[in-house]
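The block underneath contains the structure these notes are about, expressed in structure tokens.
The values are calculated or read from the model by the stated rules, or taken from the named source; none is laboratory data. Keep in mind the model is a prediction, meaning the values are calculated, not measured. Here the Cβ is made from the backbone with ideal geometry for all residues, glycine too, and neighbour counts use every protein chain on show. SASA here: full protein model, heavy atoms, side chains in, ligands and nucleic acids out. Shrake-Rupley method; radii C 1.70, N 1.55, O 1.52, S 1.80 Å.
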Amino acid sequence: MRRTLSAMARAITLALLPCTLALTGSAQVGTNYGFTSAAGVYTPITGGTVLIAGAFDSNNLAVAGAPSFTYDGVAYTSFNVNSNGYITFGATLPATTLTTPISTATAYAVALGRDLSNSLVGGATPEIRWEVVGSETVVQWTDATRFAQGDRFSFQIRLDNTTGAINIVYGTIAMGTGTSTILCQLGLRGPTTAYP
């Protein structure tokens with residue numbers, strides 16, 4: 001009987017070990033986030049607050065009065081939007097020209113970390129705005145372009161104030177005439193550059 005229980009206990013322990021490793025090793029930021037990819041629908045926001053309209057290039061835009069959002073275990077009631085495709089939580093402002101937010105030392109949510117500016121392609125109406133929609137705080141870049149590439153795209157960072165989920169949603173991309181290989185940073189940045 002002891003051998004059976006001992007063997008059974010080892011089998012249960014070995015069976016649960018991968019689950020434990022999966023839970024502790026799947027997060028990108030600290031231990032509070034995992035990653036999933038899904039096809040969705042980009043729905044532009046049209047209300048809320050316009051942070052900048054027309055020309056933008058390497059701007060920091062402070063947002064105050066947003067609902068509390070818990071990011072990697074810390075509750076924030078303010079954040080900053082950088083025109084280069086990301087937001088930062090808390091009062092610390094990044095350098096306006098920072099285009100590699102994932103590899104620096106502040107907590108960021110990054111939709112497209114790259115040198116971005118307003119697109120001038122066919123009827124573009126560039127702007128950056130934010131709005132609370134239901135339980136989400138939505139930050140939206142409309143008609144952006146990668147610097148000197150002539151493309152045109154829109155995207156959002158959607159913070160779910162109830163669940164703490166962060167969704168990054170992209171609209172249609174109109175490719176430009178640029179031929180350069182452009183590397184971008186996408187994802188979430190935690191308190192350090194070390195992966196858990």
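Suppose R0 equals 22 Å. What FRET efficiency, 1/(1 + (r/R0)^6) with r the Cβ-Cβ distance, do S58 and A165 give to the nearest 0.05? My answer for the efficiency is 0.15.
Surface listing: D57, D72 arranged by accessible area from highest to lowest gives D57, D72, probe 1.4 Å. Estimated at the nearest 10 Å², the accessible area of E131 is 40 Å² with a 1.4 Å probe.
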